[in-house]
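Just below is one structure, and these are the notes that go with it.
The values are calculated or read from the model by the stated rules, or taken from the named source; none is laboratory data. Treat the numbers as computed from the prediction; the structure is a model and nothing was measured. All Cβ positions, even for glycine, are placed from backbone atoms using ideal geometry, and neighbour counts span all protein chains on display.
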Amino acid sequence: MKEVMRFGKKGKLSLRYVGCYKILKRIGKVAYELELLAELAAMHPVFHISLLNKCVGDPASVVPLESVAVKDSLLYEDVPIEILDRQDRRLRNKEVASVKILWKSQSVEGAT
């Protein structure tokens, strides 16, 4: 079974593309050989054209992979500011209160 090389996290937070790399040569009609970094030496350097994207921008402004990190302990706490609206709904023989709350980090349109 082949080993899968992952770049950072897996799932939603995984990187879509990994850096800008120079094309060394074209192999056939749909494959290109790339000049990869030493850290990616275990990876085969030939890629299908559908896996490549044009690198637009200044190569000096590319952020290295080592500096991109998401901390596992990163928490986000949202604080309610005020209640904007209140509505009582009757479900069979119960009354349920629905409240629209304005949160500290959102605008009035983003209230839930």
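Key figures for this structure:
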{"quantity": "Test: residue in the range 92-102 that is in contact with a Phe, Trp or Tyr (Cβ under 9 Å, 6 or more places away or on another chain), surrounded by 10 or more Cβ atoms within 10 Å (Cβ to Cβ), over 30 Å from E33 (Cβ atoms) and modelled with pLDDT of 80 or more", "calculated": "no"}
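Listed here are the residues, each with its yes/no results for (1) surrounded by fewer than 13 Cβ atoms within 10 Å (Cβ to Cβ); (2) at pLDDT 85 or above.
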site	(1), (2)
Y21	no, yes
K25	yes, yes
K29	yes, yes
L40	no, no
I49	yes, yes
P59	yes, no
V62	yes, no
E66	yes, no
